[in-house]
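Structure first, then comments.
The values are calculated or read from the model by the stated rules, or taken from the named source; none is laboratory data. On a predicted model such as this, the values are computed, not experimentally measured, just so you know. Cβ sites come from the backbone with ideal geometry, for glycine too, and all protein chains shown count toward neighbours. The accessibility values were calculated without ligands, DNA or RNA, using every heavy atom of the protein model including side chains. Shrake-Rupley method; radii C 1.70, N 1.55, O 1.52, S 1.80 Å.
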Amino acid sequence: LKMGTPVKDVELPKNAPSSLLLQKHSDYIEAFEKNKDDYEYCMTEFLRVSGVYWGLTAMDLMGQLHRMNKEEVLHFVEGCQHPCGGFGPTHQQDPHLLYTLSAIQILTLYDSLDVIDAEQVVKYIVSLQQEDGSFYGDHWGEVDTRFSFCSLACLALMGRLNAINVDKAVKFVLSCMNFDGGFGSVPGSESHAGQVYCCVGALAIAGALYHVDADQLGWWLAERQLPSGGLNGRPEKLPDVCYSWWVLSSLKMIGRIHWIDKVAASTCS
């Protein structure tokens, strides 16, 4: 059974790489860290701490984390924390839950949570939970299920999940579930693979995955795979490798990863 929506896809060139070029990937990430005067480096300042986390994680997966300057990274992350406890994307930029999670993930990767004021981080996250269980991303008041995931993930990594009202957090995430089994950013919003990952991840951390209809959600996620092997984030969209992560991770969490054509996905990615 297929969704009744038009299929948009890409055509892979015949000379596209057929294997993962690990050395080139690791060389690129290491060079990006060192070339701080490059245009690309300057233009990504607004998400710097998240970019650092993505780079470090990739290097760790490739067995190349030792090539990164741990001391410099920890010093940078420490300087991103504000007195309120939250972290900005770089020094002297406003704190937000998105960057707070990235900072905690980096420190966890290096087993170095002791270099920051961890208790203030907990207080910052607690202060952003609302009466309905949702979370503001920062003091400006935007609500999004991404922030629910950020909050639960941060506190779980720090061993402080009991600091928030987990039951209310779960209830809000479930209120964002749609008829197709997917999840949106707020109640009534369109299902999106990125939001699905955040909501499924939040429920998994909270021990509440039993609320999810794995077959229904698994079908919606599996339908994101296109003839090229790539995955999109919602119907009628082109594939993007970021959705390979959102979709496959979600399928793994609900035990439906085998519903994807692994060979086709590997070829496209």
- Note on the structure: A student applying the Cα gyration tensor rule (rounded when a/c is under 1.5; otherwise prolate if a/b is larger than b/c, oblate if not) would label the chain oblate
- Query: Packing-wise, with mean Cβ within 10 Å as the measure, how do 53-63, 221-231, 81-91, 184-194 rank, highest first?
  - Reply: 221-231, 81-91, 184-194, 53-63
- Query: If you wrap region 184-269's Cα atoms in a convex hull and average its projection over all directions, what's the area in nm²?
  - Reply: 5.3
- Work out how much length Gln216 to Val115 would gain on full extension: take 0.36 nm times their residue separation and subtract the Cα-Cα distance, in nm to one decimal. 32.0 nm
- Message: Per residue of region 47-63, what does 6.51 cos²θ - 1.76 cosθ + 1.60 with θ = phi - 60° give for ³J(HN,Hα)? Whole Hz please, x for Gly and Pro, Karplus curve as stated.
- Response: 10, 3, 5, 5, x, 4, 4, 4, x, 5, 5, 4, 5, 5, 4, 8, x
- Message: Test of understanding: what is the full-extension gain from Glu131 to Asp27, defined as 0.36 nm times their sequence separation minus their Cα-Cα distance?
- Response: 32.8 nm
- Note on the structure: Applied in sequence order to region 78-83, the curve 6.51 cos²θ - 1.76 cosθ + 1.60 (Karplus, θ = phi - 60°) yields integer Hz couplings, x standing for Gly and Pro, of 4, x, 8, 7, 9, x
- Item | Whole-Hz ³J(HN,Hα) from phi, Karplus 6.51 cos²θ - 1.76 cosθ + 1.60, for region 100-114, glycine and proline x | 5, 4, 4, 5, 5, 5, 4, 5, 5, 4, 9, 6, 9, 4, 6
- Query: Quick one: putting +1 on the C-beta of Lys and Arg, -1 on the C-beta of Asp and Glu, what dipole do you get for region 179-269 around its Cα centre, in Debye to the nearest 20?
  - Reply: 240
- Compare the peptides 210-216, 107-113 by average per-residue count of other Cβ atoms within 10 angstrom and give them in order, highest first. 107-113, 210-216
- Message: On a full-extension model of 0.36 nm per residue, what is the gain between Lys123 and Asp240, subtracting their alpha-carbon distance, rounded to one decimal in nm?
- Response: 38.5 nm
- Message: Between Ser189 and Ala156, how high is the FRET efficiency from 1/(1 + (r/R0)^6) when r is the Cβ-Cβ distance and R₀ = 25 Å? Nearest 0.05.
- Response: 0.50
- Message: For the pair Glu45/Ser18, report the inter-label distance in nm, with labels modelled 7 Å from Cα in the Cβ direction.
- Response: 4.5
- Quick one: Debye curve from the C-alpha atoms of region 1-75, no solvent, what's log10 I(q)/I(0) at q = 0.11, 0.28 Å⁻¹? -0.45, -1.35
- Protection-proxy order for peptides 245-254, 119-128, each taking the mean of Cβ atoms within 10 Å per residue, highest first: 245-254, 119-128
- Taking amide hydrogens as modeled 1.01 Å from N in the peptide plane, which residues meet the under 5 Å criterion relative to Asn165, leaving out close sequence neighbours? none
- Message: If I take R0 = 51 Å and measure r between the Cβ atoms of Lys171 and Asp37 in this structure, what FRET efficiency does the formula 1/(1 + (r/R0)^6) give, to the nearest 0.05?
- Response: 0.60
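Considering Cα pairs under 8 angstrom that are at least six residues apart, work out the relative contact order of region 56-113 and quote it in whole percent.
Over region 56-113, the number comes to 23 percent.
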- Query: Can you list the lysines whose alpha carbon is less than 18 Å from that of Lys168, not counting same-chain residues fewer than 8 positions off?
  - Reply: Lys123
- Amide H neighbours of Phe135 at under 5 Å, excluding residues fewer than 5 places away on the same chain, with H built from the backbone geometry, are Gln130, Asp144, Ser148
- Message: If you roll a 1.4 angstrom probe over the protein chains with everything in place, what fraction of the accessible area of the chain belongs to carbon and sulfur, to the nearest %?
- Response: 56
